[in-house]
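The block underneath contains the structure these notes are about, expressed in structure tokens.
The values are calculated or read from the model by the stated rules, or taken from the named source; none is laboratory data. The structure presented is a predicted model; accordingly, all values stated were derived computationally and were not measured. Every residue, glycine among them, receives a Cβ derived from its backbone with ideal geometry; neighbour counts consider all protein chains shown.
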Amino acid sequence: MPRTSPPAAAVEMWTAPTTRAELKRFVRDALGIVVPDRRVCRGHNSPLDYLAASFFDQQDLLVWACRGGGKTYLAAVATLLDAVFHAPAEILVLGGSFDQSDRLAVYVRALLRRHPTLIDGRMTRERVRLTTGSEIRMLAQSQQAVRGQHVQKIRCDEVDLFAPDIWRAVQFATRSRSADGGGDVRGSIEVLSTLHRPGGLMQQLVRSARRRQSARPPQASEAGYHLMHWCLWEVIERCPPARRCERCPLAGDCVPPGADWGVAKDARGYFRIDDAVAIQARSSRPAWETEMLCRGAQRENLVFAEFDPARHVRPLPPCLDWPMYRAIDFGYTSPLVCLWIQITPGGRLHVVNEYVRCQLGIAQQAVEILRRDPPGIRPEMTYVDPAGRQRDTGSGDSPTEILAAAGIPCTCRASTVNDGVELIRAAFAPASGAPTLAIDPTCEALIDSLASYHYPPAGQGRPDVPVKDGPDHAVDALRYFFVNRFRPKRRTARSAY
């Protein structure tokens with residue numbers, strides 16, 4: 001993050017900003033930092049949007065930004081603002097690794113050295129006390145760092161590196177407190193990260209936040225993480241008039257369709273254009289889109305890299321004249337998933353609805369499934385996980401028998417995971433012609449599964465076997481439909497003797 005030269009007389013009598021404009025001016029004058037304040041991409045935020053939301057709203061925030069996007073530096077600024085203006089406050093900074101927490105700590109100490117009268121005692125690598133009564137601790141993620149804590153603010157940097165049990169513990173470690181001079185310090189958590197790992201914690205948090213924010217315009221006081229999102233174009237420097245778009249390597253991403261010039265011509269950031277050009281030249285296209293344009297997790301490890309919501313997701317109302325099928329993946333602690341799939345007269349497949357439910361007995365699940373059958377359409381068959389034929393040791397009944405007794409006859413067929421995967425891939429991207437598989441947007445679990453189902457990172461498992469870590473249940477249900485309807489039957493050669 002670039003700095004301006006502050007006035008010779010540093011701001012010692014700090015007055016709390018009350019508006020966004022005052023906040024921007026204060027950070028510039030007191031800390032020497034010019035924060036980009038322009039939104040460029042549709043649905044994105046500016047870095048100043050984050051700083052204002054953190055300072056004024058004190059809500060749980062999820063910050064998804066590009067590499068070099070200033071998120072760690074801005075988190076240090078937000079930490080200092082909290083420690084001064086929301087005092088006395090206890091603030092815990094957690095890094096996904098020690099290096100990550102240490103980098104944010106370096107920024108905090110550098111900011112405080114500009115105003116040494118705020119420092120109470122000696123600053124250490126892990127702890128800083130302020131004369132306002134606030135305390136900042138900067139640690140790597142660990143159970144010891146989280147358990148038993150009751151702080152007002154927690155900032156988690158690079159959350160994709162967090163262990164699941166530590167992340168769960170973080171959710172219970174904040175407490176609100178009344179601040180001196182009036183006003184309360186609201187207990188809140190901020191998460192700052194890039195999003196590069198399919199199926200990772202950051203991707204899960206982004207999906208959840210987007211689903212919540214798209215349901216209705218959220219209020220600042222509502223519970224749940226509020227997504228703040230910016231990419232290279234929100235932080236890039238202004239492109240000079242002498243630089244011609246038609247000769248620039250960034251033009252393919254910088255110049256919108258139908259526009260005469262790139263968005264960087266009106267930019268207000270600090271990221272050097274020459275640095276962006278150099279990074280693009282030594283990056284693969286998927287890595288560039290993930291790390292710098294923030295378009296989602298890298299697709300290189302995705303099982304269904306062919307899946308594109310823009311092509312494969314659209315409203316699909318059930319048709320009374322087309323055959324309907326169900327496909328079920330069983331579960332209790334993990335969810336049971338049922339999909340409703342129609343085949344059009346032209347042989348195309350429409351996934352028109354889904355049902356997802358945990359911790360419900362199979363007999364009750366059958367009632368819920370039947371209740372969701374489209375009116376006027378009786379499914380011709382239900383395809384299920386072959387494991388559903390196994391009998392329960394207590395009741396002696398199998399899930400398929402219980403479903404059949406409830407009026408849901410089932411069939412299943414043994415197959416490998418890759419048998420179904422290849423059939424689904426072919427439906428999304430046939431060798432010739434248009435896709436033959438489409439999904440209704442109400443099937444959120446299936447869409448999420450397809451977008452995050454992934455192979456393990458190199459050296460962490462069989463490279464040809466997808467990871468079973470949560471987003472696989474809806475995909476499994478879809479696989480059962482494909483292998484039962486479309487996988488060729490294997491012929492067994494008979495002996496001549």
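Checking the stretch 136-155 against the condition returns no match, with no residue being over 23 Å from residue 225 (Cα atoms) and either at pLDDT 85 or above or more than 30 Å from the chain's Cα centre (by Cα) (or both). Under the condition of being touching a helix residue (DSSP H, G or I) at 6+ places or on another chain (Cβ under 6 Å) and free of Cβ contacts under 8 Å to residues at least 60 places away in the same chain, the residues counted in the stretch 404-427 number 2. Looking only at residues of the stretch 455-473 that are in contact with a strand residue (DSSP E or B) (Cβ under 9 Å, 6 or more places away or on another chain) and within 16 Å of residue 424 (Cβ to Cβ), we find that the one that is modelled with the lowest pLDDT is 471.
Step by step: first the residues of the stretch 141-165, then only those that are of a type in the set (A, V, I, L, M), surrounded by 18 or more Cβ atoms within 10 Å (Cβ to Cβ) and in contact with a helix residue (DSSP H, G or I) (Cβ under 9 Å, 6 or more places away or on another chain), then the one that is nearest to residue 89 (Cα to Cα). Which residue is that?
So, considering only residues that are of a type in the set (A, V, I, L, M), surrounded by 18 or more Cβ atoms within 10 Å (Cβ to Cβ) and in contact with a helix residue (DSSP H, G or I) (Cβ under 9 Å, 6 or more places away or on another chain), the one nearest to residue 89 (Cα to Cα) is 154.
Note on the stretch 382-412: residues that are closer than 14 Å to residue 366 by Cα and polar (S, T, N, Q) total 3. The sole residue among 27, 63 that is of a type in the set (Val, Ile, Thr) and under 29 Å from the mean Cα position of the chain (by Cα) is 63.
Report yes if residue 291 is modelled with pLDDT of 95 or more, among the charged types (D, E, K, R), closer than 21 Å to residue 39 by Cβ and surrounded by 12 or more Cβ atoms within 10 Å (Cβ to Cβ), otherwise no. No: the conditions fail for residue 291.
Residues in the stretch 309-354 that are among the aromatic types (Phe, Trp, Tyr), assigned to a loop (DSSP other than H, G, I, E, B) and closer than 25 Å to residue 452 by Cα: 330, 332. Would you mind stating whether residue 419 is closer than 14 Å to residue 483 by Cβ and out of contact with any Ser or Thr (no Cβ under 6 Å at 6 or more places or on another chain)? So residue 419 fits the description; yes. If only residues of the stretch 339-390 that are over 30 Å from residue 433 (Cβ atoms) and of a type in the set (D, E, K, R) are counted, the one that is nearest to the chain's Cα centre (by Cα) is 357. Within the set 76, 87, 83, 110, the sole residue that is of a type in the set (A, V, I, L, M), closer than 19 Å to residue 15 by Cβ and not in a loop (DSSP other than H, G, I, E, B) turns out to be 83. Flag set for residue 122, criterion: part of a loop (DSSP other than H, G, I, E, B), assigned by TED's automatic domain parsing to the domain that holds residue 41 and either aromatic (Phe, Trp, Tyr) or free of Cβ contacts under 8 Å to residues at least 40 places away in the same chain (or both).
Sub-9 Å Cβ pairs linking a first residue in the stretch 438-457 that is more than 17 Å from residue 337 (Cα to Cα) to a second residue that is assigned to a helix (DSSP H, G or I), at least 6 apart or interchain, are 438/311; 438/312, ordered by first then second residue. Candidates in the stretch 407-454 are the residues that are modelled with pLDDT under 95, among the aliphatic types (A, V, I, L, M) and in a loop (DSSP other than H, G, I, E, B); of these, the one that is nearest to residue 329 (Cα to Cα) is 414.
If we keep just the residues of the stretch 393-402 that are assigned to a loop (DSSP other than H, G, I, E, B) and at pLDDT 85 or above, which is nearest to residue 442 (Cα to Cα)? Residue satisfying both the conditions and the ranking: 398. Selection of the stretch 321-362 for residues being aromatic (Phe, Trp, Tyr) and in contact (Cβ under 8 Å) with a residue 60 or more places away in the chain yields 325, 330. The one condition from (1) modelled with pLDDT under 90; (2) of a type in the set (A, V, I, L, M); (3) assigned by TED's automatic domain parsing to the domain that holds residue 67 that residue 259 does not meet is (3).
Return yes or no: is residue 90 in the same structural domain as residue 170 (by TED's automatic domain parsing), crowded, with 21+ Cβ neighbours inside 10 Å and within 22 Å of residue 158 (Cα to Cα)? Yes, satisfied. Name the residues in the stretch 238-284 that are assigned to a loop (DSSP other than H, G, I, E, B) and touching a Pro at 6+ places or on another chain (Cβ under 9 Å), would you? Answer for the stretch 238-284, where residues must be assigned to a loop (DSSP other than H, G, I, E, B) and touching a Pro at 6+ places or on another chain (Cβ under 9 Å): 262, 267, 268, 269, 270. With respect to (1) closer than 30 Å to residue 405 by Cα; (2) basic (Lys, Arg); (3) modelled with pLDDT of 95 or more, the lone exception for residue 348 is condition (1). Can you name every residue in the stretch 363-392 that is in a helix (DSSP H, G or I), touching a residue at least 24 places away in the same chain (Cβ under 8 Å) and over 15 Å from residue 338 (Cβ atoms)? Those that are in a helix (DSSP H, G or I), touching a residue at least 24 places away in the same chain (Cβ under 8 Å) and over 15 Å from residue 338 (Cβ atoms): 386, 387.
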